[in-house]
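Worksheet: one structure, shown below.
The values are calculated or read from the model by the stated rules, or taken from the named source; none is laboratory data. This structure is a prediction, so every number in the text was calculated from the model and none was measured. Note: ideal-geometry Cβ built from the backbone for every residue, glycine included; neighbour counts use all protein chains shown. Accessible surface areas use protein heavy atoms only, side chains included; no ligands, DNA or RNA. Shrake-Rupley method; radii C 1.70, N 1.55, O 1.52, S 1.80 Å.
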Amino acid sequence: MRKAGVGSLELTVLLSVARLREDGYGLAIRRDVALRMGRDYSVGAIYTTLERLQAKRLLTSRTTAPTPTRGGRARRLFSVTAAGHRTIHEARNLTKAVWSGIGRPLSPSRA
Amino acid sequence: MSAPSVPSVPIVERVPRHAEALLQSLGADRDFVDDVLGDLAEEYLLRVRWDGAGSARRWYYAQALRTAPYLLRDWCRRLGPRDASSLVVPILWALLAGFATDATMVALLPRLTFFATGIPLNAYINHWKSTGDMMPWVFVALASRQTIPAGTAGWVAGLIGKRAPLAHGLILAATVFVATSSIVASHSATFSTFAAQVFVNATSLAASCLAGGIFAALWVQRRASREFATRLRSASV
């Protein structure tokens with residue numbers, strides 16, 4: 001099976017969904033991403049990313065019952081698939097490999 | 001992080017309906033739009049509680065503007081042969097409407113040098129430049145001749161096809177705008193500078209987009225109100 005590559009926002013969203021577990025829906029994911037990235041992404045940006053991750057089969061979703069607080073619309077809850085978990089582990093291993101050998105904060109070398 | 005708790009208050013009369021209608025009219029996938037609007041509605045309620053209605057309303061409009069390109073892109077991505085073929089008839093309709101408007105303008109303004117310059121648009125501008133008293137007519141002619149018929153035709157096509165009226169209108173208006181601009185720009189007798197032509201054309205484009213957007217939003221809002229009522233009823237059952 002071809003390995004699905006993910007960009008930085010995709011990985012951030014994927015990690016948010018993994019972190020939120022049963023509560024992984026758009027609004028909660030957007031808040032989690034904003035909290036950790038220090039940047040407020042638009043609702044459209046988050047859902048576009050979620051759609052992309054679903055197309056890559058890294059996420060699945062299911063809908064809840066419609067609620068009045070959402071104007072009679074349902075919530076879509078996302079969860080990470082086995083392939084999604086593999087991607088997260090691979091990303092972590094890759095980051096570790098890239099950072100290996102750097103034990104403390106870097107300072108510019110003095111000539 | 002757990003999901004934010006939200007008050008269980010019906011929002012049907014609180015969310016800025018025009019912004020919501022605008023997002024609905026962009027033709028993105030229904031589920032995608034529902035997810036986006038649901039989140040916006042939920043956070044809007046929270047912000048009304050935290051920051052007040054005015055601040056929440058401004059936030060909603062800002063979010064709607066930031067999200068609109070994603071919805072439009074989704075519609076473009078899913079654009080199939082059916083949508084493409086549905087644009088052909090409105091384009092022809094728009095061109096015919098343009099010629100009809102020209103003929104009307106010539107009948108209304110007999111002093112125009114319509115046949116002298118070859119291109120109707122040039123006649124309006126040249127006449128205005130020579131007399132200086134036709135400014136309102138020039139703008140009426142430009143706005144009505146180019147993009148309003150095209151935008152309206154696209155919008156009507158979207159309404160009939162029940163698919164993305166605003167997106168159809170914007171794309172048709174833009175297409176005709178670009179086509180007309182190219183023709184006019186290639187004619188030496190049109191404007192003294194290209195910048196002047198771009199300014200006038202952009203003005204007419206903006207006017208037509210605004211008019212088309214308002215009409216589309218009003219129409220979709222009416223439809224959305226009915227759908228909302230139905231959904232709320234089913235949700236409460």
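Can you find, within the range A:40-64, the residue that is modelled with the lowest pLDDT among those that are touching a helix residue (DSSP H, G or I) at 6+ places or on another chain (Cβ under 7 Å) and in a loop (DSSP other than H, G, I, E, B)?
Ranking the candidates gives A:Asp40 first.
What's the total number of residues in the range B:36-64 that are open to solvent by 10 Å² or more (accessible area, probe 1.4 Å), without any contact (Cβ under 8 Å) to a residue 24 or more places away in the chain and within 25 Å of the chain's Cα centre (by Cα)?
3
What single numbered condition from (1) more than 10 Å from chain B (Cβ to nearest Cβ); (2) touching a residue at least 12 places away in the same chain (Cβ under 8 Å) fails to hold for A:Ser61?
(1)
Examine the range A:51-74 for a residue that is under 13 Å from A:Leu9 (Cα atoms) and open to solvent by 50 Å² or more (accessible area, probe 1.4 Å), and state whether such a residue exists.
Scanning the range A:51-74 turns up at least one residue that is under 13 Å from A:Leu9 (Cα atoms) and open to solvent by 50 Å² or more (accessible area, probe 1.4 Å).
What number of residues within the range A:15-39 are open to solvent by 10 Å² or more (accessible area, probe 1.4 Å), of a type outside the set (A, V, I, L, M) and assigned to a helix (DSSP H, G or I)?
7
For the range A:65-107, what are the residues that are within 12 Å of another protein chain (Cβ to nearest Cβ) and part of a loop (DSSP other than H, G, I, E, B)? Walk me through how you get there before you give the answer.
From the range A:65-107, those within 12 Å of another protein chain (Cβ to nearest Cβ) are A:65-78; that's our starting set.
Hits for the range A:65-107 are A:Ala65, A:Pro66, A:Gly71, A:Gly72, A:Ala74, A:Arg75.
Taking the range A:26-42, which residues are more than 7 Å from chain B (Cβ to nearest Cβ) and in contact (Cβ under 8 Å) with a residue 40 or more places away in the chain?
A:Ile29
So is A:Ala45 over 21 Å from A:Val6 (Cα atoms) and facing chain B (nearest Cβ under 9 Å) or not?
no
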